[in-house]
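The values are calculated or read from the model by the stated rules, or taken from the named source; none is laboratory data. In this text the structure is predicted, and so the values were computed from the model without any measurement. Quick reminder, even Gly has a Cβ in these numbers, built from the backbone with ideal geometry, and neighbours come from all protein chains shown.
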Amino acid sequence: MQTTLRLRAGAPPDGGLSRPARVDAAALAPYALWLLLGAGVTELLLFRTLSRVGVHVPKHGAVLGVYDALVQVGSFAFNVSTLTAYLAAGLLAYSAYRSATGRQPLAAAGALLVLTLAGVSLLLSFAGGGPATRFAFGSAAVVAMLLLAGQAWRGRSPSGEGPLRAAIVTLAVLAYAAAQYHTLANHAYGALGIVSAPPGTRTALEAGELLVLLNAGAVFWAWSGVRAGRRWRPGALQVIMPALLVLTFLGGYFGRQDSSTTAILSLWTLGLTLYLPLPLYTLALGLYACAWAGCLSRARRDPATMGDVIALGLLPVAGLTLDTTYQVLVALVALLLLAAPHAADAREVNAAYLIHHPQGRLRVHQLRADAGAPARR
Amino acid sequence: MPAVSHRAAAIGLVAAVLAAAAVLTQLDSRLVSSQALSLQAGEAQEKVPLDNPLAGVWEGAAPLEIPLSAQQLTAPMGGGSIRAVTVRAVHDARRIYFRLEWDDATQDLRAFAPEEFRDAAAIEFPANGVSTLPSFCMGQAGAKVNIWHWKADWQADIDSGFVNVPQAYPNAAADFYPFQDSDTFYPGRAAGNLLSRTEHSTPVENIVAGGFGTLTTAEQQTVQGKGLWQDGRWYVLFARELEGGGDYTPFEPGQTTNVAFAVWDGSQNERDGLKSVSQFVELAVAGGGGGAGTETFVVLGVIAAIIIGGLGFLLYSERFKRKA
């Protein structure tokens, strides 16, 4: 099988778009990643959130019909997302492993562990498991995350963030590790039959939540464009999107009757208990959304950063507390993309995105024409 | 192998995923496994006394510390003064028992005067026959919840007798109340309202709800309990027969269901929606074959196999690369 890292190891001039080639993991991974992001966000909004605020939906007429239909779509998206999580984790980890073996032992070990976890999580979905199994799976996931954080400090980034990117990955991994300590310590005590409460679990969980907020600030600093200083001119999307999200968040919280949407969204879907002052969460949400929009704008000009767009979109889908094997895999995929940004063929990531863009076909043809390849209709 | 374009392969892959997802949705099946906290209700090694939450049997039950947060779902929002509750659960094939414990510097036993609020604790389960996980805030239409609500003032009534006006307001004086010996003088009691009674056989109210504002006292009060405050900490025992009946959550060895908790601190003016709540966590009732010990050994074996297999794969890859 050919080496998958075309950007490093010499890609064909057209990025594999025009002529048939042997299919490899890195070329297929972007399609799985986009599908995972789309299905993940859909299930987050329609399944995990909407189905849980059903108590406030009028139980009559067209409203109920629309609600039921949307939840059904969300249920379907959840299944698409879980299946795609296995696929994306497998493809991405395999291509990362293939490209890293020997030269980057940390990346190779991390990728191999993610690959194994994808297989094991599929097995667990049939077999289930008690405290010992959950402890083993969760511990392995944390080890994989730590390996990816290590790789982030050693690896190169496509757009030169370097240490800042590594710091963001590290903050995310520390947040996950803190939250997982709360769960895994209890699983370990249960598996070993220790009849006392593990120490510091609640503090660790709260520390993880604090790290999430800090990381939103770091993500903003890295990807919003604010580092340009006075020359920074945020795009329309960078203003509109955070404003809408913040208004929805605050509107839900201070709504006239109750704040169920906000609370359920944060507690049940993202795993945030809102124990800190509300303005901190509001600020973090706005900064993160602004950074994601900025990252998306930048990726349109620089395809190499498209993986970051997907990774930043997947982190909220995974949430903090990683209550299911699916959420663990989504988190690992996001961290893999951030820590080893070349694992997926960036040109294919961009092509896969463009195909789904309203003007995508035109842009793909233009990309081919620029590369001297015939554009097919 | 014939050459295939990436896009054709990707389209095939996406189509396969969508088809498989459609089948799973149709079958109402999910390809995920829970990684969340699990409260293990093990088999009790000795008799569980209903009148002593500090009995030695609880030292052999694994505790689970569950974080609580202020209730922020529906008005009145607030509470959150109790940050965590430690829970243990056991069963003896006839009854299931829970013991909740939490730090509370004050013992608030009365809710007699308008400005007095009692300490309290509650356990919530998906009601009998519910197929989807209800909202942890009182459930929802079509997905009811069964709640066991322990009240410190009921506990005090049982332990020390009902507190009436002369005890609450010793200096109050009233010359005459017409019909004060008639049933209709206390219409709540006359109507059989559980909350109006002066005598209780249990400090725990069995409740069913299907959404905000639908809390209803259950027809059968089958939950026993005992609360004890000692050295700034409450220890509250709940017990019920495994079989539920009606809407009441049934339990059986080998079963996995969900459970959520709530605690009120009366000295912090917590009552009604002003409380500390948890999300649902998994409750596993031990028994029905298999055991934690067996599982631990199997998992350790699988981990060893994965490590050996991974190392072998790494070595094989390196040799293969060198040969290539």
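Of all the listed residues (A:Asp302, A:Asp370), the sole one being in contact with a Ser or Thr (Cβ under 7 Å, 6 or more places away or on another chain), at pLDDT below 90 and farther than 28 Å from B:Arg30 by Cβ is A:Asp302. All told, B:Thr86 falls short of being surrounded by fewer than 21 Cβ atoms within 10 Å (Cβ to Cβ), among the β-branched types (Val, Ile, Thr) and more than 14 Å from every other protein chain (Cβ to nearest Cβ). With the condition kept exactly as written, say whether any residue in segment A:236-249 is in contact with a Cys (Cβ under 7 Å, 6 or more places away or on another chain), of a type outside the set (Asp, Glu) and modelled with pLDDT of 85 or more. Checking segment A:236-249: at least one residue is in contact with a Cys (Cβ under 7 Å, 6 or more places away or on another chain), of a type outside the set (Asp, Glu) and modelled with pLDDT of 85 or more. Among the numbered conditions (1) under 26 Å from A:Thr49 (Cα atoms); (2) more than 14 Å from chain B (Cβ to nearest Cβ); (3) of a type in the set (Gly, Ala, Ser), the only one that A:Ala339 does not meet is (1). Selection of first residues in segment A:115-129 that are on the phi > 0 side of the Ramachandran plot and of second residues that are acidic (Asp, Glu), restricted to Cβ pairs under 7 Å at least 6 apart or on distinct chains, gives an empty result. Number of residues in segment B:1-40 that are touching a strand residue (DSSP E or B) at 6+ places or on another chain (Cβ under 9 Å), more than 28 Å from A:His187 (Cβ to Cβ) and more than 7 Å from chain A (Cβ to nearest Cβ) equals 1. Within segment B:18-35, the residues that satisfy the criterion of being in a loop (DSSP other than H, G, I, E, B) and either loosely packed, with under 15 Cβ neighbours inside 10 Å or at pLDDT 90 or above (or both) are B:Leu27, B:Asp28, B:Ser29.
For A:Ala216, the conditions (1) in contact with a His (Cβ under 7 Å, 6 or more places away or on another chain); (2) touching a residue at least 40 places away in the same chain (Cβ under 8 Å) are fulfilled apart from (1).
For segment B:50-77, the candidate set comprises residues that are surrounded by fewer than 17 Cβ atoms within 10 Å (Cβ to Cβ), at pLDDT below 90 and of a type in the set (Gly, Ala, Ser); within that set, the residue that is farthest from A:Tyr189 (Cα to Cα) is B:Ala75.
Filtered by the rule that a residue be surrounded by 22 or more Cβ atoms within 10 Å (Cβ to Cβ) and at the interface with chain B (Cβ under 10 Å from one of its Cβ atoms), segment A:165-189 gives A:Gln180, A:His182, A:Thr183, A:Leu184, A:Asn186, A:His187.
Is it the case that B:Val263 is touching a Pro at 6+ places or on another chain (Cβ under 9 Å), outside any loop (DSSP other than H, G, I, E, B) and surrounded by 23 or more Cβ atoms within 10 Å (Cβ to Cβ)? The answer is no for B:Val263.
Step by step: first the residues of segment A:99-108, then only those that are facing chain B (nearest Cβ under 8 Å) and either out of contact with any helix residue (DSSP H, G or I) (no Cβ under 6 Å at 6 or more places or on another chain) or among the aliphatic types (A, V, I, L, M) (or both), then the one that is nearest to A:Ala191 (Cα to Cα). Which residue is that? Among those residues, the one meeting the criterion is A:Ala108.
Of the set (1) touching a residue at least 12 places away in the same chain (Cβ under 8 Å); (2) surrounded by fewer than 17 Cβ atoms within 10 Å (Cβ to Cβ), all apply to A:Val226 but (1). Residue under question is A:Leu192, and the condition is that it be more than 14 Å from every other protein chain (Cβ to nearest Cβ) and either surrounded by fewer than 22 Cβ atoms within 10 Å (Cβ to Cβ) or more than 25 Å from A:Gly110 (Cα to Cα) (or both); does it hold? When the stated conditions are applied, A:Leu192 does not pass them.
Each residue in segment B:204-232 was checked for being surrounded by fewer than 19 Cβ atoms within 10 Å (Cβ to Cβ) and in a strand (DSSP E or B), and 5 of them qualify.
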